[in-house]
Amino acid sequence: MDRPTHSDRRQRARTTPDTARTTPDSARQAATGPDTFGPGNRGVSEVLGAVLVFGIVLTLLVLIQVNAVPAQNQQVEFEHNQRVQADMLDLDRAVLQSATGDVPGSTRIEMSARYPSRFFLLNPSVRSGTVSTLPSEEITIRNAESPTAGNYLTGDSLSFSTRTVQYRPSYQEYQNPPNTVYEHNSLVNAFDEETALPVDSGSFIDGSKIVLVTVDGSFARSSTSSVALETTPMSAPAQTVPVTSGSGDPITLELPTTLSNSSWHRVLEDELAENGGQIDDLTVVEGDPYNTLEVTLSEGTYDLRMARVAVGGSGDGTQVQPHYLAATDGNDGATLRHGETRSLDVQVRDKFNNAVDGEVTWQADGGTFVQADGSPVSTLEDVQTEDGEASVLFQLDAETTDEATVTATIGDPGGAEPRETVTFTIPVATDPTDGEPPVDSPDDPDDDSTSNINPSEQGNVVLEGATTANGNQNVVVTFSNSGTTRTVERLRLLFYMPGGPQNGVPEEGTINGQSVPVAGRWVTLDEPITISSTGTTSVTIKFGTNANKAFFGLAFDFDQGHSNYFVQVD
């Protein structure tokens, strides 16, 4: 077989038809692969769609992050500010409760706003709020005199240190939030130096009632968590002292403040004289670091209550030491007869007019003090007070015909200041017997003699002691009798001194179902009391009040003479 030569192959190439030119488009497409825009490229289109959707979602998230999230956070911060104002209002109430009720308290302050969790979105960092006391400054009272504390409230200026409590917020979105400020029983939102709005209607004056609560304690706390503020009464409960203007000048109050004149006019609008209140003039004088609120009161008598409360920590104990002495009973100028006794009462007070424990020395000129055992003394030194109260029983000397004088002093009488001393002047009653002690007469229904106190001689009815019963509402008084059997036909309750200021003084006692008034006249018993000559006899008196540690006088009118008993309840 002949093999083709090169010339034959060249000849066939020249005579072969041009297939590239004559091949159909479908064959050409099969030879070169699929078209770029044909159905085979659908996967690429889906990717592009997904990218487009993702871009749209991302754009929406950015728009929400930039616009919606800040707006929502602003609302969250505003609502937090409302809650923290309510917390500060609770603090306001806690301070007042500590001042008036001597009750410690605790208030929780929500310091910062908390943003809600957001999926795929970012929250800003939580900023710390700050609660603090501002520097100490002075409250001043001028021209105030008191008929019940005349050795202290004399019309001279008196000053007391105090502090302002302030909450200062810090927010990301809420612009220009107020500082919430507590000062002088008022809670306000201070937006700037000129604009402040009251959170509540409270203030330091309400008609003729003045309540000045001074704040002690220095602290500053910044936190993103809640903070508990303790309120501790230092001088409390606030006692009421009547005051009136002295020397013809009106009472004025000067109080440090962070607020402006217009702000205080807004807070005290209802108390202005033009609106029916008692404030004749109100002015704020600018100063540094505080302004001074000057209040001039209308002429009249006011009930002044003051207290001191430590906020957020311990306070200065030197502010609540014994400062002055006030007479609370027995200094009304009433006369006293020979043989009678009178209770003389004083109260040791701090500079805020509240009771505080101390020591009182008593000295008598023209009489003596009757002790619990019936023995007389002319001087009682360093008598410990019970919740600030100190009491003695005084009786005239037989030779005193004009008046007697009793002096009570805080501490050492030799170095006492006038405010630390009270003097009782006791006129002697004019007596038909020209000053001689009256003779005991059981037949005289008006006999007021208090002689023959706690007899102890052989043959007498002797007081053995007294204890409480029935939850301290009753007193069981025990007597012994070394003589003949005695019958009590009449009796009196001469006086009653409670064991503490919270116990109260009853108006009457009940013996065998029969009412006997305290400090009243003789009462004839429906059922006479028999005191046997053998053993002991107990008499139960129902006072209906806490009689623990009480001291009272009991007079028995026997079938033969009568005796008086000063009873100290164990």
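The values are calculated or read from the model by the stated rules, or taken from the named source; none is laboratory data. Here the structure is a predicted model, which means the values were calculated and not measured. Note that each Cβ is placed from the backbone with ideal geometry, even for glycine, and that neighbours are counted across all protein chains shown.
Let's see how each residue does on (1) basic (Lys, Arg); (2) assigned by TED's automatic domain parsing to the domain that holds ALA550; (3) free of Cβ contacts under 8 Å to residues at least 12 places away in the same chain:
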site: PRO455; (1), (2), (3): no, no, no
site: THR467; (1), (2), (3): no, yes, no
site: GLY471; (1), (2), (3): no, yes, yes
site: ASN474; (1), (2), (3): no, yes, no
site: GLY483; (1), (2), (3): no, yes, no
site: THR487; (1), (2), (3): no, yes, no
site: LEU494; (1), (2), (3): no, yes, no
site: MET497; (1), (2), (3): no, yes, no
site: GLY500; (1), (2), (3): no, yes, no
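Sort through GLY315, GLY333 and tell me the only one that's touching a residue at least 12 places away in the same chain (Cβ under 8 Å), farther than 19 Å from VAL213 by Cα and not in a strand (DSSP E or B). Working first, answer last.
Numbers: GLY315 fails: farther than 19 Å from VAL213 by Cα.
Within the list GLY315, GLY333, the selection yields GLY333.
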Task: Flag if ALA398 is modelled with pLDDT of 85 or more and surrounded by 13 or more Cβ atoms within 10 Å (Cβ to Cβ) - done: no
TODO: With a cut-off of at least 1 residues that are over 43 Å from the mean Cα position of the chain (by Cα), name the strands (runs of 3 or more DSSP E) lying wholly within region 491-570.
DONE: 523-531, 536-542, 551-558, 562-568
- [ ] Report, by residue number, each residue of region 401-423 that is part of a loop (DSSP other than H, G, I, E, B) and without any contact (Cβ under 8 Å) to a residue 40 or more places away in the chain.
- [x] THR401, ASP402, ALA416, GLU417
Task: Qualifying strands (runs of 3 or more DSSP E) (wholly inside region 115-210; at least 1 residues being of a type in the set (Lys, Arg)) - done: 137-142, 165-168
TODO: With a cut-off of at least 2 residues that are modelled with pLDDT of 50 or more and under 60 Å from the mean Cα position of the chain (by Cα), name the helices (runs of 4 or more DSSP H) lying wholly within region 1-104.
DONE: 42-63, 69-101
Task: Residues within region 345-390 that are at pLDDT 90 or above, in a strand (DSSP E or B) and within 30 Å of the chain's Cα centre (by Cα), tallied - done: 10
TODO: Go through the residues of region 235-246 one by one and say whether even a single one is assigned by TED's automatic domain parsing to the domain that holds ASN291, closer than 15 Å to GLY300 by Cβ and of a type in the set (S, T, N, Q).
DONE: yes
Open item on the list: Suppose we keep only residues that are touching a Phe, Trp or Tyr at 6+ places or on another chain (Cβ under 8 Å) and either among the polar types (S, T, N, Q) or under 19 Å from GLY150 (Cβ atoms) (or both) within region 354-378. Which one would you say is surrounded by the most Cβ atoms within 10 Å (Cβ to Cβ)?
Closed with: THR368
Task: Residue identified as touching a Phe, Trp or Tyr at 6+ places or on another chain (Cβ under 7 Å) and either within 18 Å of GLU183 (Cα to Cα) or basic (Lys, Arg) (or both) among THR292, THR231, THR258, THR283 - done: THR258
